[in-house]
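J.: Attaching a single structure in structure tokens format; questions to follow.
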Amino acid sequence: MKHKVYAVKNGRKTGIFPTWEECEKQVAGYPGAKFKSFPSVPEALIWLEETSASLQPSAEYIVYTDGSCLRNPDGPGGWAAIIQEIATGKEYELHGGAPSTTNNRMELSAAVAALSHIEEPSSIALYTDSQYLKNTFTKHWIHNWKRNGWKTSAGTDVKNKDLWIKLDALFQKHQVAFHWVKGHAGNDKNERCDRLAKKEAGKYSK
């Protein structure tokens, strides 16, 4: 039996992978994943080069989100999002807060606000420093929750159920690719979102 190789055009990492196990790590649960098997590396390379434009649509929007809670949990919190429209170069800032909340609720609120702001179904690159937000989709937690009626394996309601239901609908509307960024590591837009979120939280701490 001939040995196959796997080419990933759109995934967590792109390129050529020698085994399905390695390929699967890059595409499983990744929104809009594009991959294919080939009998040889040269054929895989040709496919990657020929399909670079047609198989990986450019993001129509780039979105950065962040949330903050000054005394987590149940302290004053804020959220913020920066939306870049690629076609026009326009940039929008959204932000808000709550007097008593959690950091996770603020992270989710930022994503809900940003994806709701984009009215037409679109391809979106979403940058977040929240593993909670990212992993819920990329590790399929949300699918299990939905199957269980938004209950955890212990039978209790999923935390932040109201926001997850909104996000689930928005992710079905848009094509969203996650990009995780390390918080407080010098990424300009992530830092800007952090400052805006903390400013919103500060409004409730006086």
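The values are calculated or read from the model by the stated rules, or taken from the named source; none is laboratory data. From a predicted model like this one, the values you see are computed outputs, not experimental measurements. Here the Cβ positions follow ideal geometry from the backbone for every residue, glycine too, while neighbour counts run over all protein chains shown. Each accessible area value is taken on the protein alone, full model and side chains, heavy atoms only, with ligands, DNA and RNA left out. Shrake-Rupley method; radii C 1.70, N 1.55, O 1.52, S 1.80 Å.
J.: Distances over 20 Å make up what percent of all Cα-Cα pairs in the range 46-166?
T.: 53
J.: Right, something else. So how far apart, in nm, are the two label points at E85 and I16 if each is 7 Å from Cα heading toward Cβ?
T.: Label-label distance for E85 and I16, simple model: 4.2 nm.
J.: Moving on. Rounded to whole Å and sorted largest first, what semi-axes of the equivalent ellipsoid does the C-alpha gyration tensor of the range 89-146 yield via the square root of 5 times each eigenvalue?
T.: Equivalent ellipsoid semi-axes, largest first: 20, 18, 10 Å.
J.: Which entries of K25/K134; K134/K182; K139/K182; K25/K159; K166/K199 show an alpha-carbon separation above 21 angstrom in the structure shown?
T.: K25/K159; K166/K199, as the Cα separations exceed 21 Å there.
J.: Please give the per residue accessible area of the range 8-118, computed with a probe of 1.4 Å over protein heavy atoms only, in Å².
T.: Result: 49 Å² per residue.
J.: At 222 nm, what value in deg cm²/dmol follows for the chain if DSSP H runs of at least 4 each add -39500 (n - 2.57) and the sum is divided by all its residues, to the nearest 500?
T.: -11000 deg cm²/dmol
J.: Select one label from [x] 35, 21, 14; [y] 36, 17, 14; [z] 25, 20, 16: the one whose number is semi-axes √(5λ) of the Cα gyration tensor in Å as derived from the coordinates shown.
T.: [x]
J.: Pull out the extension gain between S37 and V181, defined as 0.36 nm times the separation in residues minus the alpha carbon to alpha carbon distance; nm, one decimal.
T.: 48.8 nm
J.: Let me ask you something else. Taking the Cα centre of the chain as origin and charging only Cβ (+1 Lys, Arg; -1 Asp, Glu), how large is the dipole, in debye to the nearest 20?
T.: The dipole magnitude comes to about 600 debye.
J.: As an exercise, use a Förster radius of 35 Å and the Cβ-Cβ distance of D74 and E24 to find the FRET efficiency, rounded to the nearest 0.05.
T.: Calculated transfer efficiency: 0.30.
J.: P(r) tail for the range 147-202, what percent of Cα pairs lie past 13 Å? Write out the running numbers ahead of the final one.
T.: Values: 1133 of 1540 pairs.
When all Cα pairs of the range 147-202 are counted, 74 percent exceed 13 Å.
J.: Got a number for carbon plus sulfur as a percent of the chain's accessible area, 1.4 Å probe?
T.: Here it works out to 51 percent.
J.: Follow-up question, since we're still on this one. Would you work out which of Q172, W145, N135 lies farthest towards the positive end of the dipole of the range 122-175? Charges go on Cβ: Lys and Arg +1, Asp and Glu -1.
T.: W145
J.: Given the whole protein assembly as supplied and a 1.4 Å probe, what does the accessible area of H117 come to in Å², nearest 10?
T.: Accessible area, nearest 10 Å²: 80 Å².
J.: Moving to a separate point now. Dipole magnitude of the range 111-206 about its Cα centre, charges +1 at Lys/Arg Cβ and -1 at Asp/Glu Cβ only, in debye to the nearest 20?
T.: 300
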